[in-house]
Amino acid sequence: MAMVALHGVSYTYPGAPAPALRDVTLEIAPGELVVVAGGSGSGKSTLLRAISGLVPHFHGGTFAGRVIVADMDTREHGPGEVAQAVGTLFQDPETQVVTGTVRAELAFGLENRGLSPAEVARGVEEAALALAIDHLLDRSTAELSGGELQRTALGAALAGRPAVVVLDEPTSQLDPVAGDELIGLLRRANEDFDATIILAEHRLERCLGAADRVVALADGAIVCDASPAEFLAWAARAAPNLQTPGARLLNAVGQSPAAGVKRARATLRRAGLLPDGRTDVEQPRGPAPPSPWRARRRSRTGHAATPPALTFERVWHELRAGPAILRDVSLSVAPEERVALMGRNGAGKSTLLRHAAGLMAPTRGAVRSAGRVALLLQNPTDYLVHETVADEAPAAALGPVGLAGDAFAARHPRELSGGEKQRLALAIVLGDMGDPAARPAVVCLDEPTRGMDRDHKQELADLLDGLGSAVVVATHDPEFAAAFAQRVVLLADGAPIADGSASEVLAGGSYFATETARILGGAGGALTPADGAALIGLRAGAATEAIA
Amino acid sequence: MIYRRRASPLHAARAAAGCAYCLALAIATLMASNPIILGAVTVAVLAAGAAAGVGRPLCRAALWGLPVAAAIMLVNALVTRDGLTVIVRLGNVPVLGHTDVTLEATVYGAILGLRAVALILCGLLYTLAVDPDEVLRLFRRVSFHSALTATLATRMVPILVRDGRRLAEAQRCRPGPPPSRLALMRAACTGVLDRALDVAAALEVRGYGAARRPPPYRGGVGSYSRHDAAFLASAVALVAVSVVARVDPAAAFAAYPSLRLTAGPGALLLAAALVVAALLPFADRRGL
C-alpha cells in the first residue's frame, strides 16, 4: 500500500499558459526517501504542493487526477487535514514561522492535530533535541538567524513524527555543515521513525547518497524514476545538467556513476584509480596558475604595481549590547580578482559585504575601495520597484546581463523568472557599464545562487567572469565557488581562518570542499570533475609509464 | 516593541491572567474621573511595567504620549463651552466662533489626555508582557476566524518590518537617484500581498484549518500557578477598587460647571489601594 500515490495528475496554475504538472503518476511506499530532481520551473515545487494539498485547494487552477496521501484523497481533504499526516517545509523559513517563540512554533502543528498537552510537550522536546535547538526554545522567532529559523521550521515539520515529510529545497539557506547535518537528520527520521521523506533539491550531490529513489521532472512530467545510481546513469545520457560532480568525474574516467562520496571513492578504488587506504594522488605538474593571493601579499608589502580594489584594515564590528560580528578583519582584494567568502551561517560574511558597500560602518578599523562598490543582496526582488524592466536599469546595464532588447524592456520585473530577476537586480547595482567613470571597482554578491539550478549557476559564473571588476561573492556553495573564484576566504566567528587560492582552501577541508575534492581526498587540489579527471589521467599515465 | 519572555511574575503568569490584569488596569483607567485616582492608575501601570522589566519602553511611550495629551487638552479647551472660570478670551475665532477658554474645560481636557496616555500604556504593557501566541490560542477556542486573522496580522508585522529594512537597504545599493516614494510604496504593497499569501500557505500546511479544537495550553493544568492566581486576584481587586472610587463620594470629582475635587484621606486611600493592588503580584518572584 503506497503512502503517497498520484494518479494521472495534471495541474495548471490560474492564468498560466502551460500546465505545471502533466499526467504525473507516482507511488511512494512507506519509509522511502525520495529525491525530486529537475531544473528551475520543472514542476518540483508544484508536485510537493500537490502532495501537501495546497494544490489545488490553496492555489486554485485546473486540476485533474487524484493525489492520495496516507489514505486521504486531496480532492476530499484540504491541506489542514492532510497536515495531520504530512509535515511540510518550504524554501523560505521567514514566512513559515507563524508564532512568536520557538517553543510555540514547534507546538503549533501538534496542537492543530488535536494532540493532548502531554503529547504536545513531548513532541516539542523530541523535535528540539533532534535538531539541537533546545537552547532556542524560549527565544523569540524574530531574533533568530536564517539558519536557526530554517532549523526551527524543520523542527515544526518533523514534530510529532508525521508519516510523510515534504521538503522543498530545505538546505538552500544553510551552510554546507548545517546542510549535511540536515540530510543526516532526515535519513535518521527515515530510518528510526519510518517516515516517508520527499525532498526536492538542486544540490543533488548533497542528498543522493542518502536517497532510496530519485524522481526527475522536466516540463511538469516525470522523465526518470529510478534508484540514485540508475538516475545518474540516465542523467549522463539524457540530462547532463542533473549529474552530480562526482558522477561527472566518474563518467570522465570511464566508470559507472555512483551516488555519494563513499561509493564514488570505492568505484575509483576498485578500478585502481585511487590508491587503497589513502588518497595521496600526486600533484599535477605544469605551470602554476597565477596566484592572486601572492599578488595580494605583494601589494601589502608595497611591491605590487596596482593598488587594491578593496581593503579591510583591522575591521571590527561590535554590537552595542552583543558580540563582535567582525573581529580584526584585514583583507585586500586586487582589481579584477574573483573572491569567494565562505563560512557557516552567522560567520560574518553578509556583514563584511555590507561594510564593503558602506551600508554598515566598522566600529574599529577602516574599509577603503578604489571606486564604487556595487552590492547585490540576497533577495533580488527587493531591488525591483518599477513597472517595466526598462525603467529599472539603463539599456547599457541590461546588455551585459543578457536582458537587452524590446522583449525584456516592456515586461514587468516581477513577472521575470528567478534567474532573470537576479540578472536584472545585478544590472541595477552595476549601473551603466559603458561609462568607465560609473563602472564599479568592486561587485559584491550575497548568496546569489540560492535556489538556482546548475545551468543558471554556470550562467552567473560566466557573467561575473566578464565584468572586468573585482568580484566578492558570499556563498555556501563550494561547487559555485570552485567554478567562479580564484581565491577563497573562509570566515569563522567574524574572522578569516583560511585565505588562499580556491584549490588550496576548497580541497583541504571536508565540509567546505567540492564533491570532487571530497572523493579525491583533496589530492592535487582538484576541485572540478574536469580537474579530477585530468589528475586521475595523469596518475594513470604515470603508472603506465612506470610499468613500461 | 514586541513580546519577549522575561523573568518577571507577569511574564510567568498564563495569558488569561495577564490579559485580565491588563484589562483591569484599562477598566480602572476608564472609570477613574478623579485626577488623583487617574494619576494613581498611571503610576501603577508604569510601576508594573518597571517590575515586569519593560519600564523603559513604557516610559518612552509615556513621553511620546505627552504631545497627544497636550493636543487633547487644547482641543477640549477650545471646543467646550462649559465651565464658569474664563481664563482666556479669544473672541471670534474662524470655524470655532466666539471662544472663551475656561479653567474647567482645560483641566478636564488634561484629564482626558492623561486617560489616553494611561490607556496607551495599558495596551503597551499587554503587548510587551503577555505572550501573543497564548492569547491567540485562547481566542481560537472562542472564534476560529478572528484568531486566524489575528494570527496572520501579528505574524505579518515582524515579517514586514524585516522586508521594509531589506527594501531600504536594497535601495541604498542603487546607483543614481533613488526611486520615487510612489514606486517604493507600490513595491512594498506588492510585497505585502506576496508575503501574506506565503504566510497563509504556511498556516494551511501546519494544520491551522484542520478545525480540530485545540487543547488547553499548559498541559491543561487545573491548578493555577501562584502568579496566575496573584494576577487574577489583582485584576478583581483593581476592578473592585475602581468601582468603589467611582461611586464613593470620598473620591468625587466634577469638572463642570466649576471644578469640584475631593482630595481627602478617602481619595488618597483609594489611590493607594489601587497602586498596592496593581503591584502586589510582583512581590512574589518565586518560580519565574
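Below are the figures for this structure:
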item	result
Per-residue average of Cβ from other chains inside 10 Å of A:134-145	2
Among A:230-243, A:521-534, the order from most to least packed when residues are scored by Cβ within 10 Å on average	A:521-534, A:230-243
Sequence-distant residues sharing a close amide H with A:ALA492 (under 5 Å, placed H)	A:ILE497
Residues listed by number, region B:260-288, amide nitrogen under 18 Å from B:ALA7 label point at 7 Å toward C-beta	B:282-288
Ranked list, fewest to most other Cβ atoms within 10 Å of each Cβ, for A:LYS44, A:LYS262, A:LYS421, A:LYS457	A:LYS262, A:LYS421, A:LYS457, A:LYS44
Cβ-derived FRET efficiency at R0 51 Å, B:VAL247 paired with A:THR306, nearest 0.05	0.05
Shielding by other protein chains, A:428-434, mean Cβ within 10 Å	2
Estimated distance in nm for a label pair at B:LEU66 and B:THR85, the labels positioned 7 Å out from Cα along Cα-to-Cβ	2.4 nm
DSSP bridge orientation in region A:308-530 - percent antiparallel, rounded to nearest 5	50 percent
Alpha-carbon centroid distance for the pair region A:511-537 / region A:21-86, whole angstrom	38 Å
J(HN,Hα) series, region B:47-61, from Karplus relation 6.51 cos²θ - 1.76 cosθ + 1.60, nearest Hz, glycine and proline x	5, 5, x, 4, 5, 8, x, 10, x, 5, x, 5, 5, 4, 5
Integer Hz, Karplus 6.51/-1.76/1.60 couplings in order for region A:401-409, x for Gly and Pro	9, x, 10, 6, x, 5, 4, 8, 3
Mean Cβ count within 10 Å, highest first, over the residues of peptides B:55-68, A:481-494	A:481-494, B:55-68
Cβ-placed point charges (K, R +1; D, E -1), dipole of region B:143-210 about Cα centre in debye, nearest 20	320 debye
Per-pair calculated FRET efficiency, R0 = 56 Å: A:ARG368 and B:LEU288 via Cβ, rounded to 0.05	0.65
Separation in nanometres of the label points that stand 7 Å from Cα toward Cβ, at A:ALA540 and A:ARG414	5.4 nm
Computed over chain A, Kirkwood Rh from alpha-carbon pairs, angstrom	25.0 Å
30 Å Cα-Cα reach of A:LYS421 towards lysines, excluding residues that sit fewer than 8 places from it in its own chain	A:LYS44, A:LYS349, A:LYS457
Hz values of 3J(HN,Hα) by residue in region B:76-85 - Karplus curve (6.51, -1.76, 1.60), Gly and Pro given as x	4, 4, 7, 9, 8, 9, 7, x, 9, 9
10 Å Cβ neighbours from other chains, averaged over peptide A:103-111	5
Mean-position separation - Cα centroids, region B:2-46 and region A:188-232, in angstrom	55 Å
Amide H contacts of A:SER332 (H built 1.01 Å from N, under 5 Å, at least 5 apart or other chain)	A:PHE312
Which of B:LEU148, A:LEU445, B:LEU232, B:LEU84 has the fewest Cβ neighbours within 10 Å, and the rest in rising order	B:LEU84, B:LEU148, B:LEU232, A:LEU445
DSSP-defined beta bridges in the protein assembly as shown - what % are antiparallel, rounded to 5	55 percent
Rule-of-thumb Rg ratio for region B:168-213 [Cα; 2.2 N^0.38 Å; N residues]	1.80
Length released on extending from B:ARG181 to B:LEU279, taking residue separation times 0.36 nm less the Cα-Cα span	30.6 nm
Built amide H within the under 5 Å cut-off of A:THR88, gap 5+	A:VAL166
Additional length obtainable on full extension of the chain from A:ARG161 to A:LEU319, 0.36 nm per residue less Cα span	53.0 nm
Extension gain from A:ARG187 to A:ASP462, taking 0.36 nm per residue of separation minus the Cα-Cα distance	95.5 nm
Peptides ranked, highest mean first, by Cβ atoms within 10 Å: ranges A:336-349, B:168-181	A:336-349, B:168-181
Region A:462-484 and region B:232-246: distance between their alpha carbon centers, rounded to Å	67 Å
Residue exposure sequence - B:HIS11, A:HIS355 - by fewest surrounding Cβ within 10 Å	B:HIS11, A:HIS355
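Each reported figure results from applying straightforward, stated rules to the coordinates on display, with no laboratory input. Please read all numbers here as calculations on a predicted model, not as lab measurements. Because the Cβ atoms are built from the backbone with ideal geometry, glycine has one as well, and the counts that use them run over all protein chains shown.
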